[in-house]
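Report on the structure given below.
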Amino acid sequence: MSMQRKTGAHLWDAAEAAKLVREFPGGKTEEEFISDLVVRSAIERQLEIFGGRR
């Protein structure tokens with residue numbers, strides 16, 4: 001894969017991760033969010049992807 005294609009793929013991954021970080025909490029209150037390990041873990045994973053850690 002060329003460097004340009006890799007860069008494009010990384011940018012797409014980062015944009016998708018950012019979108020999911022905004023969507024995953026839904027309408028949860030802060031208390032609901034804090035007590036939901038699954039959602040917190042999913043968001044943490046998307047932040048890793050956003051930051052470039054695969």
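The values are calculated or read from the model by the stated rules, or taken from the named source; none is laboratory data. It should be emphasised that the depicted structure is a prediction, and the values quoted were computed from it without experimental measurement. As a convention, Cβ positions derive from the backbone with ideal geometry for all residues, glycine included, and neighbour counts pool all protein chains shown. Note: accessible area is taken over every heavy atom of the protein model, side chains too, but ligands, DNA and RNA are not part of it. Shrake-Rupley method; radii C 1.70, N 1.55, O 1.52, S 1.80 Å.
Residue check: is residue 21 in contact with a Pro (Cβ under 7 Å, 6 or more places away or on another chain) and at pLDDT 95 or above? So that I can check it myself, show each step before the final result.
Working: in contact with a Pro (Cβ under 7 Å, 6 or more places away or on another chain): no; at pLDDT 95 or above: yes.
The answer is no for residue 21.
Keeping to the stretch 23-53, report how many residues are in contact (Cβ under 8 Å) with a residue 12 or more places away in the chain and either in contact with a strand residue (DSSP E or B) (Cβ under 7 Å, 6 or more places away or on another chain) or open to solvent by 80 Å² or more (accessible area, probe 1.4 Å) (or both).
Summing the residues that are in contact (Cβ under 8 Å) with a residue 12 or more places away in the chain and either in contact with a strand residue (DSSP E or B) (Cβ under 7 Å, 6 or more places away or on another chain) or open to solvent by 80 Å² or more (accessible area, probe 1.4 Å) (or both) in the stretch 23-53 gives 2.
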